[in-house]
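To keep things clear, I will list the structure first and then write my remarks on it.
The values are calculated or read from the model by the stated rules, or taken from the named source; none is laboratory data. Predicted model only: the values in this text are computed from it and were never measured. As a convention, Cβ positions derive from the backbone with ideal geometry for all residues, glycine included, and neighbour counts pool all protein chains shown.
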Amino acid sequence: MSLIKVCGNPQCEAVWHNIPKLHTTCNDCGGRVMLINEETYLKKYSNHFFQYDFATQDYFRLENNLNNKQ
């Protein structure tokens with residue numbers, strides 16, 4: 001599984017997929033990002049609009065990929 005991090009800034013709802021473990025700042029606002037697991041993502045962040053693939057900077061939705069695996 002690739003790493004998922006969320007921005008800790010309450011005014012920024014960025015969710016970053018495929019982000020390197022050592023990357024600690026949000027590319028949107030410069031705030032700190034926090035590592036989350038897949039379960040937390042599905043419970044709290046899967047409906048957030050601002051989700052990006054870190055490598056391509058394109059919009060990204062992990063839930064579509066998870067549904068295909070099951």
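Worth pointing out:
- Residues in the stretch 14-25 that are part of a loop (DSSP other than H, G, I, E, B) and within 17 Å of Glu38 (Cα to Cα): Ala14, Asn18, Ile19, Pro20, Lys21.
- Subset tally (residues that are hydroxyl-bearing (Ser, Thr, Tyr) and under 14 Å from Gly8 (Cα atoms)) for the stretch 42-53: 1
- The sole residue among Leu42, Leu62 that is of a type in the set (A, V, I, L, M, F, W, C), modelled with pLDDT under 90 and closer than 14 Å to Ile4 by Cβ is Leu62.
- Of the residues making up the stretch 55-67, those that are part of a loop (DSSP other than H, G, I, E, B) and either surrounded by 11 or more Cβ atoms within 10 Å (Cβ to Cβ) or β-branched (Val, Ile, Thr) (or both) are Ala55, Thr56, Phe60, Arg61.
- In the stretch 31-49, the residues that are in contact with a Cys (Cβ under 9 Å, 6 or more places away or on another chain) and surrounded by fewer than 15 Cβ atoms within 10 Å (Cβ to Cβ): Arg32, Met34
- All positions within the stretch 28-54 that are in a strand (DSSP E or B) and in contact with an Asp or Glu (Cβ under 8 Å, 6 or more places away or on another chain): Tyr52
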